[in-house]
Structure formats: structure tokens, C-alpha cells
Amino acid sequence: MAEQNKRKEKNLLLQGSVLAIAGVITKIIGAVYRVPLVNILGDKGMGYYGVAFQIYSIALTLTSYSLPLAVSKLVSARVAKKQYKNAYKVFRGALVFAIMVGGTAALILFFGGGFIAKHIMAMRLSAYALRVLAPCVLVVALLGVFRGFFQGNGSMMPTALSQVLEQIVNAVVSVGGAYVLIKAGKAASKDGGDSLALAYGAAGGTLGTVAGALAALGILVFVFMAYKRVIKRQMRRDRSRRRESYKTIFKILLLTIAPVLLSSTVYNLCGVVDNAMFGQIMEAQGHKEADYAALLGIISGKYDTLINVPLAFANAIAASLIPSIVAAVQSRSRKQIHNKIELFTRFTMVVAIPSAVGFLVLAKPLLDLIFFTENNDLAAVTLQIGAISVVFYCLSTITNAVLQGMNAMMVPVKNAAVALVIHAAVLFFMLVVFRWGIYALIVSKIVFAVVVCILNAHAMREMAGYIQEQKKTFIIPVIAAAIMGGVVLAVHLLFELFVGTRTAALICLPVAAAVYGAAIVLLGGLTENEMKQMPMGTKLVKICKKCRLF
């Protein structure tokens, strides 16, 4: 039995790692294509691009972001009971829901884009990009249903494959679209200013998002058609007597989606509140739209690009955690629930903590390596200040997934809502009283993530009696990351003298991975058995043994 549980945990980690690796690959591609995009649009153009994406993200949240998680949760609960016909009904019901809400949101975004951009975000020229993004809301809603269905069946590969394809197409079309449309904008501009041209360019950059989503949907439909034989075979083997009606399915779907949707909405509202408050207050303080658009461009184009890489890992782990938590809840085993929470939290912190230290130590070199045509001094300071938020955002993502998997769907919503109110108050105070400008955005993001972590930890303790293990989850990774940070800083300073800052940054990345890996093993953060449960764990164990680390 113990061996069987170990195999299950290894499979969970492997499935989570498939999504995590895909998430990291997509973020790397995203970082790579952002280089020419930022070079084409500049900070001001990226400001228009970023504001449009914040509104688009809210529309996605209301229609699509909750769907993979909700569908995955409902499908996995039925698959665990071998109710394959009911699981397939959930999928079909979710498709209808996606078409209804996704189509409605797309129409609102397209026809109301001008009003939203001008009167809510105080960024009139971002409307062009917003209208281009509007149809994508419907496409991503459908995409979410397919991904949730496959994840609920325990297969993360279709989601991972579609994510990578989506980002590749996105990268190519975004850069090409921005390049072509910025030229069209210059031709259309009557006053000779660059604002309209940059707004056109931002709209061209968003074309890639639409094309990427369509490509991903196409590949998932293809995989689904190939997988349909398996689905039919499963339904023929379905011996369960309970048959859920579509009315019941819709009711359960709505009851599941609503709290997940509210939770995701609150999270994404954080960015919209930031941009709206920042734009309105900066305008009231006498700043020009072009100036604060450039500051927001630094956040969306540079800061978010790097911060989102480790966050993608946490999101992927959370997606794979929910079905396993649902299964543990079905078995009514508190020990299983505790083991899974600890396993996934530790796995996430092993990546999040060194990422935060890496951003703190190598902020400027990393930015110069990626965005080499821009002045990155201000962006580097924001990245160093916000580095710690990586740990708290990753932790809050995992704890949200745990609470949702335990059917405490409204708890993360309430916690995020409380955090959002505190976040908005802190942001307003720092913008109006201290006039910290762009730094106020970064500090308020940290406050939001910290508050969510504290409230979620309290909820988990109350509901499941879970208290997070400290030594292996936090203390040892922090010590190992600190050792890594010191070594990497010394290596960068040394090599910078001979090969320049960009080449030195490239050298530092493998050095950081090697030093951190060795330190965490030597300090006892990972045992041999635990490492074997990880992807490529057997090979890593062999390397560690050769280096005499155990």
C-alpha cells in the first residue's frame, strides 16, 4: 500500500511537472518575444498594450479562467467514482456555458472598449488593442473547457502541448503584427506624433494572442477527436446507476464556477485596480498620459515578464494539485490531504525561493540580457523590491488550490477580497500621501500576496488541522538560496570585468542552478527518496552520488 501511494505521488509530481515545464517554456518564449516587442513599442507602447491586457484579463476571468479548474474538479470527482457518462456530461454542459458567457463578454469588450479605455483606465489609446483582443475571450473560454476535461482525466500533456503551441504562434504573430501596424499608425497619424502609431503597434502585438489561442484550440480539438474512442470505451464500462441530468450538471457547474470565478476575479482585479488608480491619480497630479503609460509599460513589459516565470510553475502545480486533493477528500483521509499539501508546497518553494533571490541579486543583469535596447535602471529597482512577492504569490496560488480542492470554494474568494481592500487602501495612501509613483504599485502587490497567504494558512489550519512544516519547506531553501545568491554575485562581478554584463549573466544561470541544487541536498532539504519522486529524479540521484552530496 505504501509503495502504491508512493507511485501515485510520483505520478502526481510528474503530471504537475509536465504542466510546470510547459508553463516555464511558455514564459521563456514570452520573455524572448517580449524583447523585439518592447524594442518595437518602447515603454509607452507597452503601456497601451499592458492596460488593454488588464481589461482583457478581467473579461477572461469572468468567462474563462475559472473553467479549467472547475471542469477539472467536477470531471475528476466523477472519474474517481467511475461515473464516466456524468463526467462527459459535465464537459458538454461546460462547452455550452463557455459559448454563452464567452460570446457575451467578447461583444461587450468590442463595442464598449472605447468607453472602458477612456473613462475607466484614463488611457484612451489602449482601445485599439482592446478591440483586437475581444474575440479571443470566446476562444479562450472554449480552450479552458477542453483543458479542464483532460486535466480532470489525469492527463496534463494536451494542456501542456497546447500552451507551448499557443505561445509560439503568439510570439511570431505578435512581433510581426506590431511591426506592420506601427508603420500603418505612422501613416495614419496626422499630427506626426508617435502616440497613435504606438497604439496601432500595441493592437498589432495583441493579434498574436488571438492567433495563438486559435492554434491551441485547434490542437486540443484534434487531440479530443483522437481521444474520443477512449471516452466511448469508458462510458460503455460505466456501471454506475446515478445519471445526472443536464439541469443538474448546469446547476453544479454554476455553483462550482461562481466561487472560482469570484476568486480569480478578485486576483485579476488587483491589476486593474492598480492601473486604474495609478492612471487616475497620476493624471490628477498633473502627469501626462504618455509619461505614466511608459511607467506602466515597465511593469507589464519587463517586471511582469520575469516575475511570471516562477508564477507559471506555481499555477501549473496548482492545476495538477486540485484533482489529487479532490481524490483525497473523497477517501476522507486527513493524512493523505496533509501529505499532498506538504509535497506540492515544498516542490513549489524549492523553485520560488531561489527565483526571488536570483531577481534580487541579478535584477539589472537579467533585464539587460533580455531588454538590451532600453534603459533598465528603474525596471531593475522595481524587480528587486518585488522579488519577495514571488514567494508569497506562489504560496497563495498553492493554498488557493488546496482550499478549492477541499470544497471550501468561497474561502479563497473572501480572503482575496479582504486582501484586495487592504491592497487598494495601501496603494492609495502611497500614491497620494507619499507620492511613490511606480514603487507604490510594487509594494502594494507584496501586501496583497502576504495577506492572502496569512488568511489561507489560517483557513487550512481551521478546516483540515494543517500546519505547514517549516524547516524543509522554507528555512533550508532560504539558506541554500542565500548561499547561491552570494556565489552568483561574486561570479558575476568577476566575469563582468572580462566578458561584459550580459555574458556574465548567462554564465551565472547554470552556476546558480548547480550551487543551489548542491546546497539544498547537503543541507538536507531533499533526501534521496524524495528526489526519486521528482521528474528525472533517478538521474539526479546518480549525479548527486557521483558528486558525493548524499
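Points to keep in mind about this one:
- Look at the dipole of the range 263-362 built from charges on Cβ: of 307, 266, 329, the Cα furthest out on the positive end belongs to 329.
- All aspartates and glutamates inside 19 Å of residue 546 as judged from Cα atoms, apart from same-chain residues fewer than 8 positions distant: 528, 530
- About the centre of its Cα atoms, the range 329-379 shows a dipole size close to 720 debye [charges on the beta carbon of Lys, Arg (+1) and Asp, Glu (-1) only; nearest 20 debye].
- In the chain, taking the dipole from charged Cβ atoms about the Cα centre, the farthest positive-side position among 105, 50, 162 is held by 162.
- Averaging the Cα positions of each part gives two centres, and for the range 387-405 and the range 286-336 these lie 8 Å apart.
- Each of 396, 437, 464 was placed along the dipole of the range 359-501 (beta-carbon charges, centred on the mean Cα), and the one lying farthest toward the positive end is 464.
- Cα gyration tensor shape for the range 51-120, rounded if a/c is under 1.5, else prolate or oblate: prolate
- Note that the chain presents 42 Å² accessible area per residue, ligands and nucleic acids not counted, probe 1.4 Å.
- Per atom type, the range 40-156 shows carbon and sulfur on 68% of its accessible surface, probed at 1.4 Å.
- For the peptides 342-348, 312-318, residues were scored by their other Cβ atoms within 10 Å and the scores averaged per peptide; the highest-first order is 312-318, 342-348.
- Helical segments meeting 20 Å axial Cα length and Kyte-Doolittle 1.0 threshold in the chain (DSSP H): 66-80, 84-115, 136-152, 246-284, 304-331, 389-405, 410-432, 438-464, 476-499, 501-522
- Mean separation of Cα contacts under 8 Å, 6 or more apart, over the residue count of the range 306-382: relative contact order %: 25 percent
- Apportionment of accessible area to carbon and sulfur, the range 244-379, percent (1.4 Å): 61 percent
- Three-way shape label, the chain, alpha-carbon gyration tensor, a/c 1.5: oblate
- Protection proxy ranking for 402-412, 499-509, 297-307, using the average of other Cβ atoms within 10 Å per residue and placing the highest first: 297-307, 402-412, 499-509.
- Net charge dipole size for the chain [Lys, Arg +1 and Asp, Glu -1 on Cβ; Debye, nearest 20]: 3180 debye
- In a reduced charge model with +1 at each Lys and Arg Cβ and -1 at each Asp and Glu Cβ, the range 393-505 shows a dipole moment near 80 debye about its Cα centre.
- In terms of distances greater than 21 angstrom between alpha carbons, the cross-link table entries 118/414; 340/472; 44/183; 82/232 yield 118/414.
The values are calculated or read from the model by the stated rules, or taken from the named source; none is laboratory data. On a predicted model such as this, the values are computed, not experimentally measured, just so you know. Note that each Cβ is placed from the backbone with ideal geometry, even for glycine, and that neighbours are counted across all protein chains shown. Just so you know, the surface numbers come from the protein's heavy atoms only, side chains and all, with ligands and any DNA or RNA stripped out. Shrake-Rupley method; radii C 1.70, N 1.55, O 1.52, S 1.80 Å.
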